[in-house]
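One structure below.
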Amino acid sequence: MATPFSTTGFHHITMVSSNAPRTLAFYGDLLGLGLVKKTVNFDDPGAYHLYFGDSEGRPGTIVTFFEWPKAPPGQWGIGGVHHLALGVQSAEAQLKWKRRLTDAGVAVTGPLDRGYFRSLYFADPDGQILEIATAGPGYAIDEPADALGTSLLVPPLERMPEGRDEAAIAATTHPEPIPEITADMALDGIHHISAITDDLDRAGEFYETALGLSLIKMTYNQDDGQTKHYFWAAYDGQSIAPHSSMTLFGWESGRRRAQPGVGQTHHVAFRTNDATEQKEWREHLLSLGLSVTEVRDRTYFESIYFHAPDGLLVEIATDGPGFAVDEPADSLGDELKLPSWLEPRRSDIERTLVPLP
Ligand SMILES: [Fe+2]
Ligand SMILES: [Fe+2]
């Protein structure tokens with residue numbers, strides 16, 4: 001459906017951690033993501049907000065956490081994110097990740113051949129489900145690259161649970177320990193985000209008209225052949241933009257709804273070029289009948305928030321000004337940064353936060 005505004009992909013994803021030092025150790029040390037900003041939740045300044053990303057914290061690579069030690073454990077379900085997939089270039093590098101994670105005591109499932117990519121699954125220390133997905137072979141393996149998302153595709157039996165050799169998959173790993181992350185293992189940002197909806201048609205209309213994404217794949221969940229699995233992305237009819245695949249599992253209404261809390265995704269943010277476009281985009285969203293917040297200044301970007309019809313909290317964030325706005329680009333994440341209006345409260349805020357290494 002034609003729409004005046006189209007996102008180029010994800011800006012960031014924000015999840016809930018119960019323990020900032022543990023989250024820093026897991027995402028920073030074990031997964032090798034860079035800490036690009038150490039700050040507090042601007043709406044709740046007693047809580048850390050940690051931002052991870054590539055060296056510059058470019059949109060599409062940004063993974064953030066609110067630290068809420070007292071939040072209840074969350075649960076995935078309708079209106080929530082099921083998992084976050086981070087990208088890796090090759091299947092060989094993916095196997096190295098399996099070895100590194102397994103040796104660190106993390107339970108890993110896979111690698112599973114999903115056709116469009118290969119997938120490795122595990123969870124962070126709070127229970128957030130994560131995936132490491134390979135860049136290829138891509139979405140054009142079973143329909144033409146210029147006609148993605150046009151037919152409902154049934155996955156071949158060998159990709160379904162009843163056709164897989166689970167024992168062989170479990171036994172597959174890299175032969176040597178991986179104490180240091182090698183260059184080929186670099187995780188290159190958000191590969192896809194998979195959420196759960198109770199109405200794929202309504203969700204599709206939302207992602208297409210509110211965010212300008214395109215339906216690029218209609219298939220079934222390869223772990224549960226009864227459940228439809230649809231993919232949307234920034235797609236120009238020829239190729240798919242990196243960091244832009246939003247996938248949804250279609251559940252029946254009445255099944256479990258997502259419970260917000262620890263180990264769950266708080267919100268998903270998509271990109272807009274700048275504040276001018278964001279302002280016009282906001283008017284467009286209002287014209288669709290969505291309830292949209294005012295523009296909020298997040299220092300590193302500007303944000304508006306609204307809900308998808310199934311309840312998922314969605315943000316549109318500007319690409320700029322970026323994380324080098326308040327500290328040198330070569331030392332991002334080193335110091336606790338506060339927005340100007342919280343600086344007068346710095347000593348109180350620092351007293352309430354557990355220091356991070
Ligand atoms: Fe996935
Ligand atoms: Fe956000």
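The values are calculated or read from the model by the stated rules, or taken from the named source; none is laboratory data. What you see is a predicted model; the values in this text were computed from it and never measured. A quick note on method: Cβ atoms are made from the backbone with ideal geometry, for glycine too, and the neighbour counts reach across all protein chains shown. We work out accessible area using only protein heavy atoms, side chains counted, and drop any ligands, DNA or RNA first. Shrake-Rupley method; radii C 1.70, N 1.55, O 1.52, S 1.80 Å.
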**OP:** May I ask you to evaluate 6.51 cos²θ - 1.76 cosθ + 1.60, the Karplus curve with θ = phi - 60°, for each residue of region 255-263 and list the ³J(HN,Hα) values in order in whole Hz, giving x for glycine and proline?
**Re:** 6, 3, 8, 4, 10, x, x, 4, x
**OP:** Please report, to two decimal places, log10 I(q)/I(0) for region 289-357 at q = 0.13, 0.15, 0.24, 0.25 Å⁻¹ as given by the Debye formula with identical point scatterers on the Cα atoms and no solvent.
**Re:** -0.56, -0.70, -1.06, -1.09
Subject >> Relative contact order (percent, whole number), the chain, Cα cutoff 8 Å, 6+ residue spacing >> reply: 25
Original post:
What accessible area, in Å² to the nearest ten, does a 1.4 Å probe give for His284?
Top reply: 30
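Can you work out the FRET efficiency for the pair Ala324 and Ala104, with r the C-beta to C-beta distance and R0 = 30 Å, to the nearest 0.05?
Here the calculated transfer efficiency is 0.40.
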Original post:
Among the trypsin sites (Lys or Arg not before Pro) within region 1-103, which fall in a DSSP loop and have no more than 14 other Cβ atoms within 10 Å of their own Cβ?
Top reply: Lys70
**OP:** Using per-residue counts of other Cβ atoms within 10 Å, averaged over each peptide, order 231-239, 13-21 from highest down.
**Re:** 13-21, 231-239
Subject >> Additional length obtainable on full extension of the chain from Gln238 to Glu162, 0.36 nm per residue less Cα span >> reply: 24.0 nm
Original post:
According to the square roots a ≥ b ≥ c of the eigenvalues of the Cα gyration tensor, what is the shape class of region 189-235, taking rounded for a/c under 1.5, prolate for a/b larger than b/c otherwise, and oblate for the remainder?
Top reply: oblate
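Need one number: % antiparallel among DSSP beta bridges in region 115-260, to the nearest 5.
70
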**OP:** Could you please state, rounded to a whole Å, how far the C-alpha centre of region 288-307 is from the C-alpha centre of region 12-39?
**Re:** 24
Original post:
Shape call for region 208-283 from the C-alpha gyration tensor, a ≥ b ≥ c root eigenvalues: rounded (a/c under 1.5), prolate (a/b greater than b/c) or oblate?
Top reply: oblate
Original post:
Hey, in the GNM for the chain with a 10 angstrom Cα cutoff, which one of Leu86, Leu157, Leu35 fluctuates hardest?
Top reply: Leu157
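Once you sort the root eigenvalues of the Cα gyration tensor of region 151-230 as a ≥ b ≥ c, which label holds: rounded (a/c under 1.5), prolate (a/b larger than b/c) or oblate (the other case)?
Judged from the Cα gyration tensor, region 151-230 comes out oblate (a/c at least 1.5, b/c at or above a/b).
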**OP:** Report the extension gain between Gln89 and Ala183 in nm, rounded to one decimal, defined as 0.36 nm multiplied by the number of residues separating them, less their alpha carbon distance.
**Re:** 32.8 nm
**OP:** Work out, step by step, the length gained on full extension between Val354 and Ile169: first 0.36 nm times the residue separation, then minus their alpha carbon distance; give nm to one decimal.
**Re:** 62.5 nm
**OP:** Of the DSSP beta bridges with both residues in the chain, give the percent that are antiparallel, rounding to the nearest 5.
**Re:** 65
Original post:
What's the FRET efficiency of Arg22 with Arg58 using the Cβ-Cβ distance as r and R₀ = 22 Å, to the nearest 0.05?
Top reply: 0.30
Original post:
Most mobile of Asp334, Asp113, Asp44 per a Gaussian network model of the chain (Cα springs, under 10 Å)?
Top reply: Asp44
**OP:** Give me the compactness ratio for region 28-165, meaning the Cα radius of gyration over 2.2 N^0.38 Å.
**Re:** 1.24
**OP:** Please sort 190-199, 324-333 by packing, taking for each peptide the average over its residues of neighbouring beta carbons within 10 angstrom, highest first.
**Re:** 190-199, 324-333
Subject >> For region 215-357: span of alpha carbons on each principal axis (Å, largest first) >> reply: 54, 35, 33
Subject >> Phi-based couplings in Hz for region 298-307 (Karplus 6.51, -1.76, 1.60; Gly and Pro marked x) >> reply: 9, 6, 8, 6, 10, 9, 10, 10, 7, 10
**OP:** State log₁₀ I(q)/I(0) for region 92-138 at q = 0.13, 0.26, 0.31 Å⁻¹ as given by the Debye formula over alpha-carbon point scatterers of equal weight, solvent excluded.
**Re:** -0.27, -0.94, -1.16
Subject >> Cα Rg, Dmax, region 144-301, angstrom units >> reply: 19.1, 57
Subject >> Among Leu153, Leu313, Leu200: highest mean-square fluctuation, GNM of the chain, C-alpha pairs under 10 Å >> reply: Leu153
Original post:
Measuring from the lowest to the highest alpha carbon on each principal axis, how far does region 1-102 reach, largest first, in angstroms?
Top reply: 46, 41, 32
Original post:
Between Ala275 and Ser151, what is the label-to-label distance in nm when each label sits 7 Å out along the Cα-to-Cβ direction?
Top reply: 5.0
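For each pair in Lys70/Lys279; Lys96/Lys217; Lys70/Lys217, compute the distance between the two Cα atoms and list the pairs where it is over 32 Å.
Correct reply: Lys70/Lys279; Lys70/Lys217.
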**OP:** Evaluate the Debye formula for the chain with equal point scatterers sitting on the alpha carbons, no solvent, and hand back log10 of I(q)/I(0) at q = 0.12, 0.13, 0.15 Å⁻¹, in q order, two decimals.
**Re:** -0.89, -1.05, -1.42
Original post:
Using r as the Cβ-Cβ distance of Thr293 and Trp341, and R0 as 22 Å, what FRET efficiency do you calculate, to the nearest 0.05?
Top reply: 0.75
Original post:
For the chain, which whole-number percentage of the solvent-accessible area (1.4 Å probe, protein heavy atoms only) is attributable to carbon and sulfur atoms?
Top reply: 52
Subject >> As computed over region 111-156, the Cα convex hull volume per residue (Å³) >> reply: 97
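On average, how much accessible surface per residue is there in the chain, in Å², for a 1.4 Å probe, leaving out ligands, DNA and RNA?
Result: 42 Å² per residue.
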Subject >> Relative contact order of region 82-219, pairs being alpha-carbon contacts under 8 Å that are 6 or more residues apart, as % >> reply: 36
